[in-house]
1. Given the chain, what percent of its DSSP beta bridges are antiparallel, to the nearest 5?
2. How would 90, 433 line up from fewest to most surrounding beta-carbon atoms within 10 angstrom?
3. By how many degrees, 0 to 90 and rounded to 10, does the Cα axis of helix 184-199 deviate from the longest principal axis of the chain?
4. Between residue 257 and residue 320, what's the calculated FRET efficiency when r is the beta-carbon distance and R0 is 30 Å? Round to 0.05.
5. So for the pair residue 27, residue 1, with labels modelled 7 Å out along Cα→Cβ, what separation do we get in nm?
6. In nm, what is the difference between 0.36 nm times the number of residues separating residue 198 and residue 411 and their Cα-Cα distance?
7. With unit charges on the beta carbons (Lys and Arg positive, Asp and Glu negative) and the dipole taken about the Cα centre of the stretch 381-442, which residue among 412, 423, 388 sits farthest to the positive side?
8. Roughly what would the spin-label model give for residue 220 and residue 61, points 7 Å off Cα along C-beta, in nm?
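Derivation of every value follows stated rules applied to the coordinates shown; laboratory data play no part. What you see is a predicted model; the values in this text were computed from it and never measured. Positions of Cβ are generated from backbone atoms using ideal geometry, with glycine treated the same way; all protein chains shown enter the neighbour counts.
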Amino acid sequence: MQAYRASILYFAPHQEGVVPRAVYEQDGLLVVGPNAAGRQVVQAVGPYRDLAGQYASTPVQHWPDRIIAPGFVDLHVHYPQTNVIGSPAEGLLPWLENYTFPEENRFAALEYSAQAATFFVAELLRNGVTTALAFATSHPTSVNALFAEAQAQQLRLITGLCLMDRHAPTDLLNQPSAPGRFDATEQSLRDTEALIQRWHGQGRLGYAITPRFAPTSTDAQLRGAGELAAQYPDVWIQSHVAENKDEIAWARQLFPQSRSYLATYDDFGLMRKRAIYAHCIHFDDNDRALMRDTGAAAAVSPTSNLFLGSGFFDYMGADRVGFQYGLASDVGGGTSFSPFHTMLAAYYVGREGQTKQGLSLNPQHLWWQHTAGAARALGLEGIVGNLLPGCEADFVVLNPKATPLLARKTVLATNLDELLFSMIVLGDDRLIERTVISQATAGTRA
Ligand SMILES: [Zn+2]
């Protein structure tokens, strides 16, 4: 057992229809110890004065003037696009063609994938991200490299083979089997199943069935992906939807029989709990209801949407109909690995009131969307993204005086909202003094 004394931020258990509320212990104690499986989890959290006596024999690490907060959850990020950050383009489709596809092609080589995975995981941790749902490329090597690195660092990571059997450069499409026994579509589905069996549930790793987006898959590939999703119900699904108007028009042309672009995924069995769709911008209320009724969730990617000029996620619409969402960096369309930059961009997106109704997202709600709310969207509520007893002990230690301006500003806060909003607006990786990952003793399967 190990105890940590500092200010502590966490979230009250979620209640349907109630705006998420943070709990802040000015002088708190977080007690961490192994669960039955040997994984470090939160044993107790609360005011130091209430818990100190009970844990008098537990060693205490004291971090004065620091804030312990849940590790961040990134609902959508592309590890092969780390080098694509900040590439100029005329919108989504030219950006894919000119920058993203050529870079992703390099991930056919295991060495290239391995060094990129090492950098990517280190960058997530440096920014306080302790759980991520990530895209790899259409090469199985890229998936194996990322899983191996996440396993070495004990990061909770979900990824999968990018399914793409048409409408992209030939080298980047799924490839047929070597002796020509299976075509590319069949081979991609066989590779997906083999990767599920190899990695899903190993330690904290999870598999996501990953069609890039409907336009780059044939009907046969989407159908096969949907069959795998039914066969492996605790495996995740990830894709993109309704990001950009050109993309929507293209998807409608390719799948005219579906009611909408989103409905295409439902028609192939790809909407259910643990299905995460990036963007979800250009929706009508039927789409929103489909998200709600199937239990799918949106990965809101505000820095990416602002960078590519794709549009603004409609928070009012999402809450009115009642589907789940959380925040995502969407690197490399997104411009930062930092959850603070993403939360600030989400605030801008919420404020925008020309294309939809604008609102001011509450700082506690913004923070929840990148921690406990994102965990809930993944079906991992009570496991990550919070510091309630039983949660895996992934947390960050924040220094609210990390820069001169932060120090000057955070000291003026008269309530929790002011403190959190100062950090959201002024924060970046310098705020994260350390990131602590829940450890397991050797041989643990948790
Ligand atoms: Zn994306």
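1. Details: 26 of 58 bridges.
Of the beta bridges lying entirely in the chain, close to 45 percent run antiparallel.
2. On the way: 90 10, 433 15.
In order of increasing Cβ crowding within 10 Å: 90, 433.
3. 20 degrees
4. Values: r = 28 Å, r/R0 = 0.95.
The formula returns an efficiency of 0.60 here.
5. 2.1 nm
6. Working: separation 213, 0.36 × 213 = 76.68 nm, distance 4.97 nm.
Extending this stretch completely gives an extra 71.7 nm.
7. 412
8. So the two model labels end up 5.3 nm from each other.
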